[in-house]
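Step one of this worksheet: look at the structure below.
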Amino acid sequence: MGSMTAAADVDPLALEQQVCFALAVTNRAVLAVYRPLLEPLGLTHPQYLVMLAMWDHQKSQDSGSPLSVKRIATALQVDSATLSPMLKRLETLGLITRSRSATDERSTDVELTDKGAALRERAIGIPPAVVARLGVDLAELERLRDALTRINAAALAAGALQS
């Protein structure tokens, strides 16, 4: 009966009970772990995510074709307006090129430059460095990623991120 009382005593509005609070704090903390690892590459975390999408595409069977801004935005679950300034900056850094699509003039194609492709070799050590700095078991991080992926899918199914 003690556990029923303990559950009843939990304030559903207590800050420490909020998933959104735990996610927000964890997001800031984990990004702070990434920051010094990405600085030598000249990338911010959002730019790193774009480069991950570009490197994934380069390894895919579609690698001969450019990646559209729309496909990058979909992969990163951001809108094109959010993505455009990042792509402009990555182009200024010489990591990507942007051009009008040959098949659809309304679409912009994005391709890695040789410098952008080569940066992958320098970035390869980032994931294990993050794991080491967090000091959390890799299997636990994988379970967390899987749980967050399921929660994200449920939020999207519930209408999150719809315009």
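The values are calculated or read from the model by the stated rules, or taken from the named source; none is laboratory data. Fair warning: this is a prediction, and the values are worked out from it, not measured in the lab. These area figures cover heavy atoms from the full protein model, side chains too; ligands, DNA and RNA do not enter into them. Shrake-Rupley method; radii C 1.70, N 1.55, O 1.52, S 1.80 Å.
Quick notes on this structure:
- Amide H to amide H, with H built 1.01 Å from N, I96 comes under 5 Å of E91, T113, counting only residues 5 or more places away or on other chains.
- Principal-axis tilt of helix 80-92 within the chain, Cα atoms, nearest 10 degrees: 50 degrees
- Share of Cα-Cα pairs in the chain lying beyond 23 Å, as whole percent: 52 percent
- Computed with a 1.4 Å probe over protein heavy atoms only, the accessible surface of region 86-149 comes to 66 Å² per residue.
- Here the chain exposes an accessible surface that is 58 percent carbon and sulfur, computed with a 1.4 Å probe and the other protein chains kept in place.
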